[in-house]
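First up is the structure itself, then whatever we jot down about it.
The values are calculated or read from the model by the stated rules, or taken from the named source; none is laboratory data. Source: prediction; values computed, not measured. Note that each Cβ is placed from the backbone with ideal geometry, even for glycine, and that neighbours are counted across all protein chains shown.
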Amino acid sequence: MVKQKIIILYGPPGAGKDTQAERIAQKFNFIIVSSSKLIEEKIFNPALQGDSIIQRERKLFEEGRLCTPSWVTKIINEKVDQFHREGKNLIFTGSPRTLYEAENEIPYWESIFGQSNILAVVIKIKLGTSIFRNSHRRICEKCRNPIIYSKETENLTQCPVCGGKIVARGILDTPETIKVRLEEYKNRTEPIFEYLKKRGYQLMEIDGEPLPDEVSKQIFNKLRPLMKND
């Protein structure tokens, strides 16, 4: 019987988590669960704008700060439960993002997937790389496909996936917000690594400085032996 798995993909802003998640998903048949997208679906839903909790979370999001952990945890665990019942393999891009979330999500995931079927990957990049990539990052206005900055893409105006208009990410990638996001990652997300190690996890560290194809190669080489089922 095929055992369902979860991959948790970590890395600071600009590490290329979304790009690598897409490639991992295609290579090993996983579904991407993006906490950011789940949050955006809630906070930008026109029907929910009168909700005081949604207003609070949207303000935090647009300031580059992490949303309230208890609120995020509820959204995430509901989705994990749904996908587990559907027999899906899952990959998370940057979630859990706080120690509170990890302590209230990881044990639940272990109870339904099994600890040996949860894998953690950390993409590491330098501070300067993170700032440069974020300040040059753009996305498709229509399908939200991220556009990796390069000489080949710097003048691109249409999304290669759906043909939509390519735009800057706006408030999330201003210098002030990038700085806040990097501080949030260091102070609130990185402590999770020690928590995972104490629970017996071995974090797979990846050099995220090279071009995306080389980063993918590193990840595939580490994941491939672990995709086999007992």
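The residues of region 140-153 that are exposed (fewer than 13 other Cβ atoms within 10 Å of the Cβ) and either closer than 21 Å to residue 37 by Cβ or not polar (S, T, N, Q) (or both), listed by number, are 143, 151, 152. The numbered conditions (1) more than 23 Å from residue 174 (Cβ to Cβ); (2) among the acidic types (Asp, Glu); (3) touching a Phe, Trp or Tyr at 6+ places or on another chain (Cβ under 9 Å) are all true for residue 110 except (3).
Considering (1) assigned to a loop (DSSP other than H, G, I, E, B); (2) more than 16 Å from the chain's Cα centre (by Cα); (3) within 26 Å of residue 40 (Cα to Cα), the lone condition that residue 144 does not fulfil carries the number (2). The residues of region 87-122 that are more than 22 Å from residue 17 (Cα to Cα) and either in contact with a strand residue (DSSP E or B) (Cβ under 8 Å, 6 or more places away or on another chain) or outside any helix (DSSP H, G or I) (or both), listed by number, are 87, 110, 113, 114. Would you call residue 156 of a type in the set (A, V, I, L, M) and surrounded by 16 or more Cβ atoms within 10 Å (Cβ to Cβ)? For residue 156, the condition - of a type in the set (A, V, I, L, M) and surrounded by 16 or more Cβ atoms within 10 Å (Cβ to Cβ) - is not met.
The residue that is farthest from residue 146 (Cα to Cα), counting only those in region 172-230 that are in a loop (DSSP other than H, G, I, E, B) and among the hydroxyl-bearing types (Ser, Thr, Tyr), is 201. Taking helices (runs of 4 or more DSSP H) as the structural unit, those lying wholly within region 1-86 and holding at least 1 residues that are farther than 24 Å from residue 174 by Cα correspond to 17-28, 52-62, 69-85. Kindly check whether there is at least one residue in region 150-160 that is basic (Lys, Arg) and in contact (Cβ under 8 Å) with a residue 24 or more places away in the chain. No, every residue in region 150-160 fails to be basic (Lys, Arg) and in contact (Cβ under 8 Å) with a residue 24 or more places away in the chain. Candidates are the residues of region 116-133 that are out of contact with any Asp or Glu (no Cβ under 8 Å at 6 or more places or on another chain), loosely packed, with under 14 Cβ neighbours inside 10 Å and not hydrophobic (A, V, I, L, M, F, W, C); the one that is modelled with the lowest pLDDT is 128.
Rundown of residues vs (1) of a type outside the set (Lys, Arg); (2) out of contact with any Phe, Trp or Tyr (no Cβ under 8 Å at 6 or more places or on another chain), yes/no style:
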| site | (1), (2) |
| --- | --- |
| 59 | no, yes |
| 74 | no, yes |
| 93 | yes, yes |
| 99 | yes, no |
| 105 | yes, yes |
| 116 | yes, yes |
| 125 | yes, yes |
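Filtering region 84-100 to residues that are free of Cβ contacts under 8 Å to residues at least 60 places away in the same chain and either within 19 Å of residue 57 (Cβ to Cβ) or buried (at least 16 other Cβ atoms within 10 Å of the Cβ) (or both) leaves only 100. Starting from residues that are surrounded by 14 or more Cβ atoms within 10 Å (Cβ to Cβ) and out of contact with any Ser or Thr (no Cβ under 8 Å at 6 or more places or on another chain), keep the ones in region 180-189 and report whichever is nearest to residue 94 (Cα to Cα). Among residues in region 180-189 that are surrounded by 14 or more Cβ atoms within 10 Å (Cβ to Cβ) and out of contact with any Ser or Thr (no Cβ under 8 Å at 6 or more places or on another chain), the one nearest to residue 94 (Cα to Cα) is 185.
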